[in-house]
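Colleague: Below are the structure tokens for one structure; questions will follow.
The values are calculated or read from the model by the stated rules, or taken from the named source; none is laboratory data. Keep in mind it's a predicted model, so treat the numbers as computed, not measured. Neighbour counts are summed over all protein chains in view; Cβ atoms, including those assigned to glycine, are modelled from backbone coordinates with ideal geometry. Ligands, DNA and RNA are stripped out before the accessible areas are found, and what is left, the full protein with its side chains, is counted by its heavy atoms. Shrake-Rupley method; radii C 1.70, N 1.55, O 1.52, S 1.80 Å.
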Amino acid sequence: MSDLVEIANLFQSYDGRRNILNDVSLTLQKGRIIGLLGPNGSGKTTLIKLLNGLLQPSGGSIRIGGLEVGTATKSHVAYLPDRTYLQGGSRVSDILALFQDFYEDFSVEKAGAMLESLKIDPSRKMNQLSKGTREKVQLILVMSRKADLYILDEPIAGVDPAARDYILSTIINNYDPESALLISTHLIGDIEKVLDDVVFLKEGRVLLHSSADYIRGAFGKSVDEYFREVFAC
Amino acid sequence: MAWDLDSDRPIYLQLVDRIQMQIVSGQYPPGEKLPSVRELAVEAAVNPNTLQKAFAELERSGLVVTQRTNGRNVTKDEKLIDELRQKLAGENTKEYCDRMRKLGYTPLETMEFLQKTLK
């Protein structure tokens, strides 16, 4: 399997004193679904912002598909932020048109088919939809791109179990051996069965990077239980 | 409906167990075509790579055969399936007997219990 993302000796500091990320080195491979797990403040969202080129690293490097993160890599990364950036007053159909203009790799047919299977009317405005439905719409937008790297920041937070199941089956359905999918979450128990690998972040450092089944086999524990043990306070 | 899997045991081993059971019980008869990795992954709500690994394990044991043009099928070798069936039956019986012994039953009492239950 080939390395899609190469992170080497990455540092990030906002004030020049405290390191949010402290010497992070990590490689992510194609065809894998990776869980980025860590407590609040461990640096997950900062790492994701760096992968998206939304922040400049204080030190070290990130390469995606062999290219330093920048304008060129942005078109290969599909990102679902933890907060919405879509205008509440826009109609779903307007957003589809925006994505089509904006991203060359966006398939409006695919998005349309997924919306239809959920009976979401594209003429509805975002702020008329329930929170769970809004989350689904945003996931559909991201997954309808043909990217090399998909990054989902807390995709299942605050949605009901049925919506969570839908989100998980969408992730499985769209699995592509040519791309990697990075999911950050606190809700490990709900998502761990779809993960190949897990990365534990603690205080800006990589504590562990291993396959999920390795943890189960070696410790006789679920990833969730093992996480609680490692991060017990 | 997602398959009921434990999170504290490697998922691929549980998938192997489960598919073996489906084959032994005749839910997938000898020679039957198996669903694709993606179909089954969605049904089970597990990662496709994990399911792929389970299939690889089943192929190694010969229970599942891959034909390049025709996807994956259950083996036509009924003897192999029957051997596995007997092996699983043996394991189950042993587990049952072990538990009865822990409960303090003698072999004879265990037999009587079994006869009563089976009637």
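Colleague: Give the accessible area for A:ARG91 in Å² (nearest 10); use a 1.4 Å probe, count only protein heavy atoms, and leave out ligands, DNA and RNA.
Modeller: 100
Colleague: Let me ask you something else. Within 10 Å of each Cβ of A:160-168, how many other protein chain Cβ atoms are there on average?
Modeller: Counting other chains' Cβ atoms within 10 Å and averaging over A:160-168 gives 1.
Colleague: Let me ask something else about it. State the antiparallel share, in %, of DSSP beta bridges confined to the protein assembly as shown, rounding to the nearest 5.
Modeller: So the antiparallel bridges in the protein assembly as shown amount to around 60 percent.
Colleague: Continuing with this model, one more query. Please enumerate, by chain and number, the lysines with C-alpha under 17 Å from the C-alpha of A:LYS193, excluding those fewer than 8 residues away in the same chain.
Modeller: Cα-Cα hits under 17 Å: A:LYS221, B:LYS53.
Colleague: In bins 5 Å wide, starting from 0, what share of all Cα pairs of region B:11-76 does each bin hold, as a percent?
Modeller: P(r) over region B:11-76, rounded to whole percents: 4, 19, 31, 30, 14, 2.
Colleague: Please go through the residue pairs B:LYS33/B:LYS76; A:LYS136/A:LYS202; A:LYS110/B:LYS33; A:LYS74/A:LYS110; A:LYS110/A:LYS136; A:LYS44/A:LYS202 and name each one whose alpha carbons sit more than 18 Å apart in this structure. Walk me through the numbers before you get to the answer.
Modeller: Values: B:LYS33/B:LYS76 11 Å; A:LYS136/A:LYS202 30 Å; A:LYS110/B:LYS33 29 Å; A:LYS74/A:LYS110 21 Å; A:LYS110/A:LYS136 14 Å; A:LYS44/A:LYS202 9 Å.
Beyond 18 Å: A:LYS136/A:LYS202; A:LYS110/B:LYS33; A:LYS74/A:LYS110.
Colleague: Under 16 Å from the Cα of A:LYS30, which aspartates and glutamates turn up, not counting those fewer than eight places away in the same chain?
Modeller: A:ASP3, A:GLU6, A:ASP148, A:ASP176, A:GLU178, A:ASP196, A:ASP197
Colleague: Let me cross-check A:ILE64: its accessible surface, 1.4 Å probe, with only protein heavy atoms counted, in Å² to the nearest 10?
Modeller: Approximately 10 Å² of A:ILE64 is accessible to the 1.4 Å probe.
Colleague: Relative to the longest principal axis of chain B, what angle (0 to 90°, nearest 10) does the C-alpha long axis of helix B:48-60 take?
Modeller: Compared with the principal axis, the helix lies near 70 degrees.
Colleague: Could you please put B:ARG38, B:ARG60 in sequence from largest to smallest accessible area, using a 1.4 Å probe? Numbers along the way, then the final one.
Modeller: Working: B:ARG38 95, B:ARG60 175 Å².
Of B:ARG38, B:ARG60, the descending order of accessible area is B:ARG60, B:ARG38.
Colleague: If you find the alpha carbon centre of region B:75-119 and of region A:101-158, how far apart are they in angstrom?
Modeller: 52
Colleague: Taking every residue in B:6-15, how many Cβ atoms of other protein chains lie within 10 Å of its Cβ, on average? Can you show the working numbers first?
Modeller: Numbers: counts 2, 13, 11, 6, 9, 7, 4, 3, 3, 0.
Neighbouring Cβ atoms belonging to other protein chains average 6 per residue here.
Colleague: Could you rank the peptides B:101-110, A:38-47 by their average count of other C-beta atoms within 10 Å per residue, with the highest value first? Show your work: numbers first, answer last.
Modeller: Numbers: B:101-110: 10.8, A:38-47: 19.8.
Going by the mean number of other Cβ atoms within 10 Å, highest first, we get A:38-47, B:101-110.
Colleague: Could you work out the mean count of beta carbons from other protein chains within 10 Å of each residue's beta carbon in A:212-218?
Modeller: If you average over the peptide's residues, the count of other-chain Cβ atoms is 5.
Colleague: Between 0 and 90 degrees, rounded to the nearest ten: what's the tilt of helix B:107-118 against the longest Cα principal axis of chain B?
Modeller: Relative to chain B, helix B:107-118 is tipped by roughly 60 degrees.
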